[in-house]
Amino acid sequence: MTNSSTLVGTDRPRLSWRYSSTNPQWRQQRRELQLTRANGAVETHAAADAEQVLVEWPFEPLSSRERATVRVRGGDSDEWTPWSEPATIEAGLLSPTDWSASWVTPTDVVGVDDPAPVLGTEFVVGPGIVAARLYVSALGIMVTRINGVPVSEDHFAPGWTSYDHRIRYQSYDVTVLVSEGNNSFHTLLGNGWYRGRIASFALHRGHPYGDRLALLAQLELRYADGRVELVATDGSWRSGASGVLLNDFYDGQFTDLRVDGYAALDRGVTVVPAPTASLATPESPPVRAVETMTAVSVNTTLDGRHIVDFGQNLVGWVRLRSRGRRGSEVVVRHAEVLEEGELSLRPLRSARATDRYLLAGTGVELLEPQLVFHGFRYAEVTGVAELSTTDIQAVVLGSQLDRTGWFSSSDAALNQLHENIVWGMRGNFLDLPTDCPQRDERLGWTGDIQVFAPAASTLFNVAGFLSSWLSDLAADQLPDGTVPAVIPRVFRDVKAFAGWGDAAVIVPWVLYERFGDAGILRRQYRSMCRWVDRVAELAGPTRLWSTGEQLGDWLDPLAPPDDPARAQADPAVVATAYFARSAQLLARAAAVVGEPADARHYGILAEQVRDAFCAEYVSSSGLIRSDCQTVYALALHWRLVPDGPTRTRTGSRLAELVQQQRYTVATGFLGTAVILDALCASGHRDAAYRMLLTHEFPSWLHAVDLGATTIWERWDSMLPDGSVNEGEMTSFNHYAFGAVADWMHREIAGLQPTAPGYRELRLAPTVGGGLTAGSARHLSPYGEIAIEWHLAGSGFSLTARIPVGVTATVVLPDGSEIPDVSHGEHRFELERFVTDAAIDGDRTDVSAASEAMRSR
Ligand code: BGC
């Protein structure tokens with residue numbers, strides 16, 4: 001339990017706690033939770049079990065706005081721990097009737113290309129104020145200030161949800177911002193995702209969510225005598241035009257710094273009907289500035305433009321200090337790569353990604369947008385006479401996720417690959433999981449997050465972030481169960497695509513496995529069933545999903561550059577494999593949520609699909625239709641081909657293909673996520689290592705050699721000569737191929753969760769690929785797990801740290817297993833063992849005399 005204050009959107013929040021240290025024999029066998037309400041009432045609840053993660057609220061529900069503290073202690077058979085520090089919980093506005101505020105919009109219609117409006121009011125605070133809470137939401141995105149001070153460091157709130165169904169509201173403690181006497185309240189509204197080009201992507205949707213921006217704000221002032229005063233949006237509020245002349249996520253922001261938009265609220269507002277969508281408390285962390293990067297170099301061209309390199313492909317904006325004549329213009333353009341020293345803009349397609357400023361001429365001015373973000377490593381600045389690296393910074397923006405996973409090895413290129421994956425994730429986890437952050441897209445493509453979810457869950461705590469997105473997925477799912485390919489939905493035409501729609505089942509399952517959250521399965525269960533039922537309908541009695549358009553093994557390196565869906569893998573084989581996988585996971589989910597009849601039903605369905613898959617697509621000699629890496633990878637990793645001689649031959653065929661392709665990758669989005677696991681599952685671990693470690697094109701390390709700092713959309717987004725791939729889709733920041741990070745943590749470092757929430761582990765590093773060291777740390781729901789191994793000569797050593805509540809089986813590279821390793825620090829050594837250094841073709845046979853030493 002943490003002792004900071006947490007705002008919750010439910011009357012029964014679940015509770016988790018971690019133990020920092022206990023003696024090695026201690027196990028939680030009992031627990032006691034104590035709630036203290038604001039009126040001093042105390043409730044205590046005791047249970048005799050080992051639960052400590054996402055424990056159901058055992059008290060009477062909280063009411064709206066209620067503040068309470070909770071503390072916990074745990075006990076084994078005879079000893080209690082001391083009580084934890086109390087954690088403070090505050091409930092938000094839990095019922096629609098808690099809202100007195102009305103939605104308001106500027107009276108003079110403000111179009112998408114008009115200056116961004118400011119809405120505001122003045123209010124008086126009387127003596128004896130003890131607390132002020134602001135509940136606020138917008139159609140559009142908002143920046144709210146009280147007395148000129150921003151109410152938070154959040155950006156782009158309330159974020160992008162399925163606005164037709166749910167809109168988030170933010171809650172802020174603004175007690176320190178209000179003072180006795182006159183006060184002012186201003187909110188700047190931007191187009192954000194609500195309207196503008198992003199919401200009408202390629203005009204498929206045909207219309208943005210709405211054409212008018214709006215604000216809902218309720219400031220509650222609480223006085224010492226218990227009185228509460230409300231300052232709430234209504235028809236008396238005022239509006240005005242800000243100096244933000246244009247703002248669009250794709251195109252950028254145009255700001256006139258001569259205009260003080262907060263000064264002149266010279267127009268009225270109109271009360272508009274409340275949207276039909278429900279107001280939701282955020283489950284995901286806010287978007288914030290998470291880091292600031294200094295420029296690595298500034299090159300000034302002959303015609304006076306400055307090309308700035310930040311050394312890292314990132315997402316955010318440029319902050320620039322500049323001085324100039326009143327009304328003179330400064331322009332900042334952005335790009336991920338350079339071609340011949342100039343910004344390569346073609347990959348941005350129609351996104352102009354340009355911020356412009358008209359200077360106020362008041363001396364040194366700070367230029368920084370507020371209502372847009374860009375994906376870039378390079379910026380071109382014009383309109384500034386001189387620019388040095390100290391005048392300019394890149395502000396990195398993203399959802400403020402807690403980092404949970406770290407990895408390191410003895411191979412520097414591999415470490416850089418991991419770093420690139422982390423950066424790719426940071427850039428694409430900006431309020432929703434996107435395909436890419438820079439071009440005219442930035443959408444929540446379901447297939448991309450479906451393959452990346454395990455890696456994402458390893459690297460950062462994405463439980464709330466993805467759970468929020470899954471609410472949108474369920475909300476946007478069609479009545480027939482079809483899952484739109486992008487969530488929130490923007491396309492009018494929606495088709496069911498294998499691997500994309502399966503996000504409905506696979507993402508909740510990954511969250512359950514990694515965060516121990518059975519609640520997410522319960523909440524998504526209907527959505528999961530609806531997807532599988534829909535696929536069953538599409539497949540029909542044959543159980544083979546062989547009809548309809550598919551995206552398939554998208555971006556297979558051998559597909560034509562202008563037709564990424566034309567992969568080597570037969571789309572029907574891929575679709576049927578996914579059908580089997582989702583049915584199988586759904587059967588397991590049904591068992592977890594206590595639906596035994598469904599568990600049986602979907603279990604039988606999964607078997608039928610597997611049988612049909614084998615009968616139709618797998619020959620007795622183990623060949624799978626379309627005979628390419630992806631079809632074998634899916635079939636092996638998901639055990640669609642049962643154990644036996646056919647499976648052995650299937651595994652050998654995959655290894656043979658991989659070898660024939662000189663260990664380069666020949667898979668697209670779907671195959672790449674599972675190929676290394678499939679090689680391991682069929683006994684070809686050395687081939688998996690070779691594939692991961694090859695520098696030949698196409699491979700993960702090829703891009704690293706070409707200087708990549710994020711994961712690219714295509715294996716050859718940049719060609720070896722430094723030119724940019726001609727294909728329409730050539731992003732330099734797409735996380736899908738970074739799914740391999742999960743394998744790196746599980747296989748190289750050997751940190752493998754085997755029960756939900758990492759409650760049980762296998763610590764089983766596979767030594768290979770010529771690596772001499774590997775390590776990972778993971779901040780699990782129970783606490784930090786760490787593993788680190790080294791080779792020295794023929795000796796092997798492994799250290800591990802396990803938190804209270806977690807048990808591990810340690811498997812050493814000689815095959816010896818040490819079960820039931822509990823919390824604490826442990827060290828294991830092998831004096832001599834067989835290293836399988838097949839990567840270099842030289843197998844070192846050291847006699848297998850090994851000894852496992854265990855110490856605490
Ligand atoms: C996106 C992908 C996505 C794909 C599917 C692309 O434009 O960038 O990542 O999954 O379309 O069609």
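The values are calculated or read from the model by the stated rules, or taken from the named source; none is laboratory data. If you're wondering where the values come from, they're calculated on a predicted model, not measured in any experiment. Methodologically, a virtual Cβ is constructed for each residue, glycine included, from the backbone with ideal geometry; neighbour enumeration extends over all protein chains shown. What goes into the accessible areas is simple: the full protein's heavy atoms, side chains included, and nothing from ligands, DNA or RNA. Shrake-Rupley method; radii C 1.70, N 1.55, O 1.52, S 1.80 Å.
Tabulated data for the structure shown
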{"read-out": "Residues being open to solvent by 10 Å² or more (accessible area, probe 1.4 Å) and under 32 Å from the mean Cα position of the chain (by Cα) - total across segment 356-372", "value": "4"}
{"read-out": "Residues that are within 30 Å of the chain's Cα centre (by Cα), within 26 Å of Thr276 (Cβ to Cβ) and surrounded by fewer than 20 Cβ atoms within 10 Å (Cβ to Cβ), drawn from segment 63-92", "value": "Ser64, Arg65"}
{"read-out": "Identity of the residue in segment 733-759, in a loop (DSSP other than H, G, I, E, B) and of a type in the set (Ser, Thr, Tyr), that ends up nearest to Trp17 (Cα to Cα)", "value": "Thr754"}
{"read-out": "Lone qualifier among Arg714, Arg762 - being part of a loop (DSSP other than H, G, I, E, B) and of a type in the set (Lys, Arg)", "value": "Arg714"}
{"read-out": "Which numbered condition Ser388 misses (of (1) more than 16 Å from the ligand (Cβ to nearest atom); (2) within 30 Å of Tyr163 (Cβ to Cβ); (3) open to solvent by 30 Å² or more (accessible area, probe 1.4 Å))", "value": "(2)"}
{"read-out": "Residue match in segment 688-699 (condition: open to solvent by 30 Å² or more (accessible area, probe 1.4 Å), within 23 Å of Trp638 (Cα to Cα) and in contact with a Lys or Arg (Cβ under 7 Å, 6 or more places away or on another chain))", "value": "no"}
{"read-out": "Residue list for segment 719-732, filter: modelled with pLDDT under 85 and not in a loop (DSSP other than H, G, I, E, B)", "value": "none"}
{"read-out": "Enumeration of residues in segment 552-604 that are within 14 Å of the ligand (Cβ to nearest atom) and part of a helix (DSSP H, G or I)", "value": "Pro571, Val574"}
{"read-out": "Residues (more than 16 Å from the ligand (Cβ to nearest atom) and out of contact with any Pro (no Cβ under 6 Å at 6 or more places or on another chain)) located in segment 472-511", "value": "Ala474, Ala475, Gln477, Leu478, Pro479, Asp480, Gly481, Val505, Pro508, Trp509, Leu511"}
{"read-out": "Segment 429-458 - residue that is part of a helix (DSSP H, G or I) and within 9 Å of the ligand (Cβ to nearest atom) and, of those, surrounded by the fewest Cβ atoms within 10 Å (Cβ to Cβ)", "value": "Gly447"}
{"read-out": "Test: Asp234 is at pLDDT 95 or above, part of a loop (DSSP other than H, G, I, E, B) and charged (D, E, K, R)", "value": "yes"}
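Condition check ((1) open to solvent by less than 10 Å² (accessible area, probe 1.4 Å); (2) without any contact (Cβ under 8 Å) to a residue 24 or more places away in the chain; (3) aromatic (Phe, Trp, Tyr)) across all residues:
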position: Ser468; (1), (2), (3): yes, no, no
position: Val490; (1), (2), (3): yes, no, no
position: Lys495; (1), (2), (3): no, no, no
position: Ala498; (1), (2), (3): yes, no, no
position: Gly501; (1), (2), (3): yes, no, no
position: Val507; (1), (2), (3): yes, no, no
position: Tyr512; (1), (2), (3): no, no, yes
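Here's the yes/no breakdown for (1) of a type in the set (Asp, Glu); (2) closer than 27 Å to Asp686 by Cβ; (3) at pLDDT below 95:
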residue	(1), (2), (3)
Thr709	no, no, no
Tyr735	no, no, no
Ala739	no, yes, no
His745	no, yes, no
Ala749	no, yes, no
Glu760	yes, no, no
Leu763	no, yes, no
